[in-house]
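Here's the structure, in structure tokens; my notes come after.
The values are calculated or read from the model by the stated rules, or taken from the named source; none is laboratory data. Note that this is a predicted model, so its numbers are computed, not measured. Heads up, the Cβs are rebuilt from the backbone with ideal geometry, glycines too, and the neighbour counts pull from every protein chain shown. Heads up: the accessible areas ignore ligands, DNA and RNA and are worked out on the full protein's heavy atoms, side chains in. Shrake-Rupley method; radii C 1.70, N 1.55, O 1.52, S 1.80 Å.
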Amino acid sequence: MEQFLNDPSIYTLVRGPLVWLAFIVFFVGMLYRIFTTLKMAKKEKVIYPYLSFKYTLRSIFRWLMPFGSISMRKHPWFTIITFIFHICIIVTPIFLTGHMELWNESWEISWLSLPVGLTDLMTITVIVCLFFIFLRRLIQKDIRFLTSTSDYILLVLVALPFITGFLSHHELLLQYKIMLTIHMLSGELMLIAIPFTKLSHMFMFFLTRAHTGSEFGAVRHSRDY
Amino acid sequence: MEFKRKPVTDIGIDEALNRVDEEKIKKAIQWTLKKEASARLKIFVETCMRCGMCTNSCHHYLGHEGDPTYAPAAKVKQTIWDILDKKGNVSKEDIKKYARIAFSECNLCRRCVQYCPFGIDIAYLISLVRRLCCLIGVVPQYIYDQVLSHMQTTNMLWFRQDEWLDTIQWLEDELRAEIKNGKIPVGKKDAEVLYLAHGLEAKYMTGLLTNMAKIMNVAKVDWTVPDTDGWDYTVKALYAQDLETMGKVIRTHYETALRLNIKRIVIGECGHAFRTAVYEGVRYLGWKEPPIPYIHGVQFFYELIKERKIKITKKIEEPVTIQDPCNIIRYRGMGQMLRYIVKELCENIIEMSPKDDHNYCCSAGGGMIDSGPPWKTARIEGGKVKAEQISDTGAKIVIAPCHTCHKGIEDLNVYYKLNVHVKFLVDIIAEVMEIPEEMKP
Ligand code: SF4
Ligand code: SF4
């Protein structure tokens, strides 16, 4: 923030105020979405009375565990790719040394950071996984039938921060500072987009699983996995 | 890939559409998707990542492999997403397509829900499509006719009250040919059990009712059947998503039982009726749980056999396999009870794969068989994987404790030349149980 006030430029803008904005929109947006959903669910009389904590946990546990559901066992390749992808996409930005320095600089907090070589590898993994997911969407008939342009845009949106992050770190293609600016901008864009696009599945997952898990476990006495 | 289907004529859909205009369609959509539906619709539509994990779980897709328009999420895309994309401004042609998908390409079996990482309830979304079709009056004629009958008589086949009483009387006469002083008590107060029958048991499949009466008599159950309308446990309104009629039928069943001061209701082997009575209808009426216990045939037989109220004297030796009806297994987890009963009755059991709550639907459920002859091909095609499952077991008998599965598999049997007999538990039990000497005529 200070930096931007002392030296206003696009670089300091995306490095300061926009980061703030992105995080605020992300957190507030997410809370807002969860809150409105929970409120809306009240209108449907068949949701709250049947929610079961035990079966919500069972459901979430089964679906967060690799190969915990029959569906994952029937789709081994996709399961492996998506698990690796999701782990990397969450872990990399949080434990990246470069990001840690930023946290330290403005908040004087830090936590475990991963070796640069590893996060580099994880970044490449994310990009490769996204490429596979893209190919699958393009080639597999049933998925292609479901896909619309917005799904491809989302893939690009998610890929950009990782691609640009990698390029800026290795000082490839564009000048370091320019690439870094694009990187930060795209990361902020992605954060802002999460609550309002299909990326919201990141937290909606827990809500839908709570409902379906409870329905299957407590009402239908059967498995939802 | 396009939505390509052979034309099918169904006056309940085609002619009904002649009577409505786009205004009415819009109103029905508004009512269903804006007023009635809320969080689930929104979140399920928004959270679907279009990942295709559900595709292969659906027997309709497997019956038309390679045609993505039959995949579960694709059926939602071609109906709900389409309506939302068009902001409710849909044409009659669109409604015709929606009705076809919702009534003849999805059994509401919820198998796909088990395959979706987000637990997106596709069957719920498809039933919303049925609901809005129903509000416009566009429902396959065969279902509609039964729903109208339910509205007026509470049974599915326009049976009058006196016809019911008359039927019970002559069935009791027949029963006495096998059980000395056998009784079918009618409208008896304070009995332990109120038995409700399937509509067809009063007309075309009376043998089922006689066999149930035989078991009740041998097991010395304190039972009765209703002396009024409300004796038929079926609720075809569930298929049309005519929720009002569904509520009325379920309320009548419970009211009948409460009026007679009965301890619990027992029904025969039927899936949809059980699900409706135990939660779909009950929820609609605003109750959390059924006011008195509502017991399915499988649960009832399990009790009778486990408590040795009936004795099995001989076991079936031919190889049998078990059809797990969605409505009592995936919808109520009776898989183990069913297996206990079958083990008591049969020597040689060969299971289908997959089985229990992962089993495939028979492709007749959720109203598909009730849509009648025009839609038979659709269900036969969707039943391909079921036919393969059965033929892989090599069994000679398929035990199907559900009217819909029973008839559906009988049709698959003929079409796919499976060479099996489809049986109800009640028929097998009546055949292999011991009738004490003093009860023989
Ligand atoms: S038939 Fe069953 S598996 Fe197929 S879409 Fe309908 S609910 Fe899902
Ligand atoms: S599995 Fe679930 S999220 Fe994936 S396409 Fe099917 S309904 Fe959508």
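Once amide H atoms are built 1.01 Å from N in the peptide plane, which residues 5 or more positions from B:Met334, or in another chain, come under 5 Å H to H?
Under 5 Å from the amide H of B:Met334: B:Ile329.
When Cβ neighbours within 10 Å are restricted to other protein chains, what is their mean count per residue of peptide B:108-119?
Mean inter-chain Cβ contacts per residue within 10 Å come to 6.
Hey, what do the phi angles of the range B:356-365 turn into as Karplus ³J(HN,Hα) couplings, whole Hz, using 6.51/-1.76/1.60 and θ = phi - 60°, x for Gly and Pro?
Rounded to whole hertz, the list is 6, 6, 9, 5, 7, 5, 6, 6, 10, x.
Per q in 0.12, 0.17, 0.21, 0.23 Å⁻¹, report the Debye log10 I(q)/I(0) for the range B:313-432, using one uniform scatterer on each alpha carbon and no solvent.
Normalising to I(0) and taking log10 leaves -0.39, -0.78, -1.19, -1.40.
Note down the nm distance, to one decimal, between modelled labels 7 Å out along Cα→Cβ at B:Ile11 and at A:Met40.
4.2 nm
How big is the A-B contact in terms of buried accessible area, both chains counted, 1.4 Å probe, rounded to the nearest 100 Å²?
So the total buried area for this chain pair works out to about 4400 Å².
Given R₀ = 51 Å, what would the calculated FRET efficiency be for B:Lys263 paired with B:Glu93, taking r from the Cβ atoms and rounding to 0.05?
0.45
Using r as the Cβ-Cβ distance of A:Ala218 and B:Thr313, and R0 as 45 Å, what FRET efficiency do you calculate, to the nearest 0.05?
Calculated transfer efficiency: 0.70.
Which GluC sites (Glu not before Pro) does the range A:65-152 hold that lie in a coil by DSSP with at most 16 other beta carbons within 10 Å?
Loop-located and lightly packed - A:Glu108.
Take every DSSP beta bridge whose two residues both sit in chain B, then give the antiparallel share in percent to the nearest 5.
Just about 5 percent of them are antiparallel.
Mind checking the angle between helix A:53-64 and chain A's longest principal axis? C-alpha axes, 0 to 90 degrees, to the nearest 10.
Tilt relative to chain A: about 60 degrees.
Step through the residues of the range A:11-18 one at a time and calculate ³J(HN,Hα) from phi using the Karplus curve (6.51 cos²θ - 1.76 cosθ + 1.60, θ = phi - 60°), rounding each to whole Hz and writing x for Gly and Pro.
4, 6, 5, 6, 7, x, x, 5
Could you state the accessible area per residue of the protein assembly as shown in Å², with a 1.4 Å probe and every protein chain left in place?
Here the per-residue accessible area is 43 Å².
Quote the relative contact order of the range B:145-303 in percent (integer), defining contacts as alpha-carbon pairs under 8 Å separated by 6+ residues.
25 percent
Taking 8 Å as the Cα distance limit and 6 or more residues as the minimum spacing, I'd like the relative contact order of chain B as a percentage.
Relative contact order here is 17 percent.
Once amide H atoms are placed 1.01 Å from N in the peptide plane, what residues at a sequence separation of 5 or more from B:Cys326, or on another chain, have their amide H within under 5 Å of its amide H?
Amide H neighbours of B:Cys326, under 5 Å, 5+ apart: B:Cys362.
How shielded is B:50-59 by partner chains, expressed as the average number of their Cβ atoms within 10 Å of its Cβ atoms?
Other-chain Cβ atoms within 10 Å of each residue's Cβ, averaged: 6.
Any chance you could tell me what percent of the C-alpha pair distances in the range A:99-209 go past 24 Å?
37 percent
Show the residues, 5+ positions off or on another chain, whose built amide H is closer than 5 Å to the amide H of B:Val422.
Amide H neighbours of B:Val422, under 5 Å, 5+ apart: B:Val398.
Tell me the mean residue ellipticity at 222 nm calculated for chain A from its helices only (DSSP H runs of n ≥ 4, each -39500 (n - 2.57), averaged over every residue, nearest 500).
-24500 deg cm²/dmol
Order B:360-368, B:43-51 from most to least packed using the mean count of other Cβ atoms within 10 Å.
B:360-368, B:43-51
In whole percent, how big is the carbon plus sulfur part of the accessible area of the protein assembly as shown, probe 1.4 Å, protein atoms only?
Answer for the protein assembly as shown: carbon and sulfur cover 60 percent of the accessible area.
Of the listed peptides B:240-253, A:67-80, B:384-397, what is their order by residue-averaged count of other C-beta atoms within 10 Å, with the highest listed first?
Sorting B:240-253, A:67-80, B:384-397 by mean packing, highest first, produces B:240-253, B:384-397, A:67-80.
With a bin width of 20 angstrom, please list the P(r) values of the protein assembly as shown as percents of all Cα-Cα pairs, from the 0 bin to the one holding the largest distance.
The percentages, shortest bin first, are 17, 46, 26, 10, 2, 0.
Would you kindly derive the ³J(HN,Hα) couplings of the range B:57-67 from the backbone phi angles with the Karplus curve 6.51 cos²θ - 1.76 cosθ + 1.60 (θ = phi - 60°), listing them in order in whole Hz, with x for Gly and Pro?
The phi angles translate into 7, 9, 5, 5, 5, 5, x, 10, 4, x, 9 Hz.
Cα extents of chain A along the three principal axes, largest first, in whole Å?
Principal extents (largest minus smallest coordinate, Cα): 61, 38, 36 Å.
Could you give the C-alpha radius of gyration of the range B:58-167 expressed as a fraction of 2.2 N^0.38 Å, taking N as the number of residues it contains?
Ratio of Cα Rg to 2.2 N^0.38 Å: 1.30.
Kindly express, to the nearest 10 degrees and within the range 0 to 90, the angle between helix A:97-107's C-alpha long axis and the longest C-alpha principal axis of chain A.
80 degrees
Buried by at least 50 Å² relative to the chain on its own: which residues of the range B:309-335 qualify, computing accessible area with a 1.4 Å probe on protein heavy atoms?
At a threshold of 50 Å² (probe 1.4 Å), the residues of the range B:309-335 that become less exposed are B:Arg332.
On a 0 to 90 degree scale, rounded to 10, what angle separates helix B:297-306 from the longest Cα axis of chain B?
Orientation of helix B:297-306: about 40 degrees from the principal axis.
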